[in-house]
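What follows is a set of notes on a single structure, which appears directly below.
The values are calculated or read from the model by the stated rules, or taken from the named source; none is laboratory data. Being a predicted model, the structure only gives us computed values, none of them experimental. Methodologically, a virtual Cβ is constructed for each residue, glycine included, from the backbone with ideal geometry; neighbour enumeration extends over all protein chains shown. Calculation scope for accessible area: heavy atoms of the full protein, side chains included, ligands and nucleic acids excluded. Shrake-Rupley method; radii C 1.70, N 1.55, O 1.52, S 1.80 Å.
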Amino acid sequence: IDAMESFKTPVNIRWWKRDDMTQLLNYPGVTEKEFLFLLSDRDTICMVALKADYIVGYMVYEIYRGSINLIDLMVHPDWRKGDIGTQLLVKLCLKRRTYIECYVNERNLLAQQYLRRMEFKAVEVIKRWFGADDDAFRFILELKHIENSFFWQSLLNKWAFKDMSEQEIGSAEKREVV
């Protein structure tokens, strides 16, 4: 496998289960009460990224007819720089909506830089979104944009290559069992 063809740290992404809460409580700023309140809305979905049986990242989002509101995207600090957040975003882009939006605290420079690298555009400043002293930047990724983006096409190709490799490995394991 050519290193340029695959993600640095390939992960499996699946729906969140209640049993995952124990691992998620190890993430900075995650509390069980707030997390479960967030997920109590029927339009809110959580997916986790797994390396073996360890949750290395997660995303929480709301899905609407034409858009996706990315509420939270977190990669465990020990697993950053491994394309895990990127794989979660690629999974989100496959949901066939018009755009993905998210609101980022003006003080969260790391998230702002990451979203810009992922070709999101800051389109609006919303005063006091996060409280009296904290404004938000509204970021949007127009999904029609990714069709003409070399960067996004290479990510989607990596995703397809990853899926194909997993299917081939699964088939090989089945052949060995028989």
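A few points about this structure:
- Residues being farther than 14 Å from ILE71 by Cβ and touching a strand residue (DSSP E or B) at 6+ places or on another chain (Cβ under 8 Å) - total across region 97-121: 10
- Residues within region 78-95 that are open to solvent by 60 Å² or more (accessible area, probe 1.4 Å), touching a residue at least 40 places away in the same chain (Cβ under 8 Å) and either at positive phi or not hydrophobic (A, V, I, L, M, F, W, C) (or both), tallied: 1
- Subset of region 101-114 (residues that are under 19 Å from ILE13 (Cβ atoms) and either exposed (fewer than 13 other Cβ atoms within 10 Å of the Cβ) or at pLDDT 95 or above (or both)): CYS102
- Residue in region 113-125 that is part of a helix (DSSP H, G or I) and either in contact (Cβ under 8 Å) with a residue 60 or more places away in the chain or among the aromatic types (Phe, Trp, Tyr) (or both) present: yes
- Long-range neighbours under 9 Å by Cβ, at least six apart or interchain, first residue under 16 Å from GLU62 (Cα atoms) within region 30-42, second in a loop (DSSP other than H, G, I, E, B) and open to solvent by less than 60 Å² (accessible area, probe 1.4 Å): LEU39/TRP16
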